[in-house]
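One structure is given below, encoded as structure tokens.
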2 protein chains.
Amino acid sequence: MAPSAPRTIRIGLLGFGTVGQGVWKHLHNNRAALERRLGVGLDIVRIGVRDLKKEREVKVPVARLTTDLGSIVDDPTIDIVCELIGGVTTARTLTERALKSGKVVVTGNKALICEHGAELFRLVQRGRGHYFFEASVAGGIPIIKTLREGLIANRFRLIYGILNGTCNYILTRMAKEGRSFQEVLADAKRLGYAEADESLDVDGWDAAHKAVILAYLAHGRWIKPKQMLVQGIREITPHDLSYARELGYTIKLLAIISRDFSTNRVFARVHPCLLPARNLLASVDDVFNGICLSADVAGSTLLVGRGAGQDATASAVISDIADAVVALRGAPAPVICEEDADTYARLGSGISIASLAEITGRYYLRLTVKDRPGVLAEVARRA
Amino acid sequence: MAPSAPRTIRIGLLGFGTVGQGVWKHLHNNRAALERRLGVGLDIVRIGVRDLKKEREVKVPVARLTTDLGSIVDDPTIDIVCELIGGVTTARTLTERALKSGKVVVTGNKALICEHGAELFRLVQRGRGHYFFEASVAGGIPIIKTLREGLIANRFRLIYGILNGTCNYILTRMAKEGRSFQEVLADAKRLGYAEADESLDVDGWDAAHKAVILAYLAHGRWIKPKQMLVQGIREITPHDLSYARELGYTIKLLAIISRDFSTNRVFARVHPCLLPARNLLASVDDVFNGICLSADVAGSTLLVGRGAGQDATASAVISDIADAVVALRGAPAPVICEEDADTYARLGSGISIASLAEITGRYYLRLTVKDRPGVLAEVARRA
């Protein structure tokens, strides 16, 4: 059953920031076990960086570094390219070049998939390459694999979850300490739990990107973030959190993807929600992510884990490298794979995306009013 | 990328009880979507039963039924055999025959794997067949796939979880209603949540079988249930549950697999545990299962879902059928797969299994004593 001569799979990394260094570190720490399980050698042969001389936490032989990222993508001896530079410009060009030359590309670049996934998957379909992106949603939680393989027998009425660790960290601390959004945000930045520019996280766009990917995998349709209701956590106050607790709820920023099977319409949105305290997700705190899947065969399944950070993201990238090895060893087409654009287009045929106006839900309104007769009648009259 | 002529994969079911009927039902309900994703046709062509005339919830063409189970295993036109009869005698013989003839076998038979897994996996390794068993642990939760694929980059310090839905249902109701084990057990039997012979479940052996499988996947060593500390829930009283709650705990029957990386010893056990109420598993109630994995790269990951029942188990069997299709389409060897006995033997080399005497832990002792001076001193003296 084993191949006659164990082959070494040659891997190139584009980018060597937090995640890239994590991949190097853990691939080397667990290399022997991984190679035994996969039946091949694994070697990170080239690493594309911006600055050869930069001090890094992880030391690598300098001969493996290059500032010419294109040379990695064009190297015919490299089997797997891990795109870890982020962004949607250079990353897009390099991913396209790699896929066109038949390479397997592994990434966690949710923004790129969200914006250009449709074209990239078509490119995969026309070429010989593959595209794996477990790290793009919920870090170390294998949600992509669960959705497309583990629960393949299912259709999903409802997928909802905490997909942004920064927001969850801020809300958790606000709830526990009674401090304001601005105070906790400043602290989160000092501690490295929030970016210098916090808007992608706290305004809900990062969670929206991830929701777009999950919606595509579950329902075969690309939703544009601007078609979605996306609302962040800036307006939440410690008062909201303490009133919620009094009422038996917790406030979490949720991404919600629902499908109405009678009309075949898909709804996707991101906004703060009141979750009943007895819901397990209500206890998913700090930087943890959690996703609940309501499926027609398996019932409710919940996954909780580390949604970000060097190690958890590296775990997801390495699991994709393992799947890439299997694909390279001769599986003729990664058939249980979202990259087959036609298959997913058929999956999505007949499904339409609901407009914002169609979304209905219950609201919590908090009013501060003068304690005098008639004030509530007045509010009711104006509402 | 699609195969030149879409092939139809021919499936045979051995056994047509609860799970078999669930597989038929859901494979047919979601057949179009599954076939599109997998790029092949799927047809359950033969079903082996004991009684052709038995009334069944799910109606199938009578021509597909046979009482000759061996004829399914020996049929050269059948690609995938789902062994759903249970037990370790006929099931074993039929599984061996199928694997020897190069078929893919899908099962949820935890007892068979636990008792004869080592031989069956060696058989797979020597032949051309494959063996998939997602349904053997935690029903609809894709724990096997998560352990061997999604978290492949990880080593597991600790795996613990609620793996028996019957026990969890009984403990949940005892805690909520303050009723005795015997009362709730009788009710669970009436409702179909417990078997007529409850011992496999409530004495911990079912959870132990599942722990053996998880321990093998995580550490590459077969542990015999009799090497394990296995204790059920018969002795738990409503008093234990209410005292536990007062102390901020919940009592759950846990399967626990831990590995000490300094000595490379693996510990496996099943017994009732006091779980702090803030642990998410403490809120996993009723028939739900939950598993927590402490991994060296991804950190803590929790999976919760339906651990048993027709639908959840069928979901797992169908996901294995999907993986079987991928294996049949030409992946040369299912390399990320526990069935490669040699690989796992190497994974397990240097690892030894700890004896019962080595297991240490904290205990909760509840004493009912006379309220008179000196009684606690007396207890302490005798302890």
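The values are calculated or read from the model by the stated rules, or taken from the named source; none is laboratory data. Just so we're clear, the structure is a prediction, and the values are computed from it rather than from any experiment. FYI the Cβ positions are ideal-geometry reconstructions off the backbone, even for glycines, and counts take in every protein chain you see.
What the table shows:
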{"item": "Conditions (1) closer than 20 Å to A:Val326 by Cα; (2) over 22 Å from the mean Cα position of the chain (by Cα): number failed by A:Cys82", "result": "(2)"}
{"item": "Single unsatisfied condition, A:Gly48 versus (1) within 23 Å of A:His130 (Cβ to Cβ); (2) out of contact with any helix residue (DSSP H, G or I) (no Cβ under 8 Å at 6 or more places or on another chain)", "result": "(2)"}
{"item": "So A:Leu13, is it buried (at least 18 other Cβ atoms within 10 Å of the Cβ), within 14 Å of chain B (Cβ to nearest Cβ) and either assigned to a helix (DSSP H, G or I) or touching a strand residue (DSSP E or B) at 6+ places or on another chain (Cβ under 9 Å) (or both)", "result": "no"}
{"item": "Residue within the stretch A:201-210 that is within 14 Å of another protein chain (Cβ to nearest Cβ), touching a residue at least 40 places away in the same chain (Cβ under 8 Å) and either of a type in the set (A, V, I, L, M) or under 27 Å from B:Ser300 (Cα atoms) (or both) present", "result": "no"}
{"item": "Count - residues of the stretch A:324-344 that are over 29 Å from B:Ser294 (Cβ atoms), more than 7 Å from chain B (Cβ to nearest Cβ) and modelled with pLDDT of 60 or more", "result": "2"}
{"item": "Any hit, the stretch B:273-287, residues being over 22 Å from A:Asp311 (Cβ atoms), in contact (Cβ under 8 Å) with a residue 60 or more places away in the chain, within 14 Å of another protein chain (Cβ to nearest Cβ) and polar (S, T, N, Q)", "result": "no"}
{"item": "Residues of the stretch B:34-79 classified as without any contact (Cβ under 8 Å) to a residue 24 or more places away in the chain and over 22 Å from B:Asp323 (Cβ atoms), total", "result": "14"}
{"item": "Complete set of residues in the stretch B:125-146 that are among the hydrophobic types (A, V, I, L, M, F, W, C) and either surrounded by fewer than 23 Cβ atoms within 10 Å (Cβ to Cβ) or part of a loop (DSSP other than H, G, I, E, B) (or both)", "result": "B:Phe133, B:Val137, B:Ala138, B:Ile141"}
{"item": "Residue match in the stretch A:58-67 (condition: in contact with an Asp or Glu (Cβ under 9 Å, 6 or more places away or on another chain), under 19 Å from A:Gln310 (Cβ atoms) and either modelled with pLDDT of 95 or more or of a type in the set (Asp, Glu) (or both))", "result": "no"}
{"item": "Those residues of the stretch A:297-309 which are at pLDDT below 95 and at negative phi, in sequence order", "result": "A:Gly307, A:Ala308"}
{"item": "Pair list, Cβ < 7 Å and 6+ apart or interchain, from the stretch A:310-323 residues that are within 13 Å of A:Glu83 (Cα to Cα) and at the interface with chain B (Cβ under 7 Å from one of its Cβ atoms) to residues that are in a helix (DSSP H, G or I) and at pLDDT 95 or above", "result": "A:Ala314/A:Val19; A:Ala314/A:Gly22; A:Ala314/A:Val23; A:Ala314/A:His26; A:Ile318/A:Val23; A:Ile318/A:His26; A:Ile318/A:Leu27"}
{"item": "Verdict on A:Thr166 being surrounded by fewer than 24 Cβ atoms within 10 Å (Cβ to Cβ) and among the hydroxyl-bearing types (Ser, Thr, Tyr)", "result": "no"}
{"item": "A:Leu120 within 24 Å of A:Arg148 (Cβ to Cβ), at pLDDT 95 or above and crowded, with 22+ Cβ neighbours inside 10 Å", "result": "no"}
{"item": "Hey, A:Ser349 modelled with pLDDT under 90, surrounded by fewer than 18 Cβ atoms within 10 Å (Cβ to Cβ) and within 12 Å of chain B (Cβ to nearest Cβ) or not", "result": "yes"}
{"item": "Selection from the stretch B:42-57 of residues that are in a loop (DSSP other than H, G, I, E, B) and within 16 Å of B:Thr90 (Cβ to Cβ)", "result": "B:Val49, B:Arg50, B:Asp51"}
{"item": "Subset of the stretch B:169-184 [surrounded by fewer than 24 Cβ atoms within 10 Å (Cβ to Cβ) and not hydroxyl-bearing (Ser, Thr, Tyr)]", "result": "B:Arg173, B:Met174, B:Ala175, B:Lys176, B:Glu177, B:Gly178, B:Arg179, B:Phe181, B:Gln182, B:Glu183, B:Val184"}
{"item": "Pick from the stretch A:26-57, criterion crowded, with 17+ Cβ neighbours inside 10 Å and small (Gly, Ala, Ser), ranking: farthest from the other protein chains (Cβ to nearest Cβ)", "result": "A:Gly48"}
{"item": "Selection from the stretch A:209-248 of residues that are among the aromatic types (Phe, Trp, Tyr) and either in contact with a helix residue (DSSP H, G or I) (Cβ under 6 Å, 6 or more places away or on another chain) or surrounded by fewer than 19 Cβ atoms within 10 Å (Cβ to Cβ) (or both)", "result": "A:Trp222, A:Tyr243"}
{"item": "Only listed residue being away from chain B (no Cβ under 12 Å) and outside any loop (DSSP other than H, G, I, E, B), chosen from A:Val73, A:Val23, A:Val60", "result": "A:Val73"}
{"item": "Any hit, the stretch A:107-118, residues being under 20 Å from the mean Cα position of the chain (by Cα), of a type in the set (Asp, Glu), part of a helix (DSSP H, G or I) and away from every other protein chain (no Cβ under 14 Å)", "result": "yes"}
{"item": "Output for the stretch B:147-181, where each listed residue is part of a loop (DSSP other than H, G, I, E, B) and within 14 Å of chain A (Cβ to nearest Cβ)", "result": "B:Leu151, B:Ile152, B:Ala153, B:Asn154, B:Arg155"}
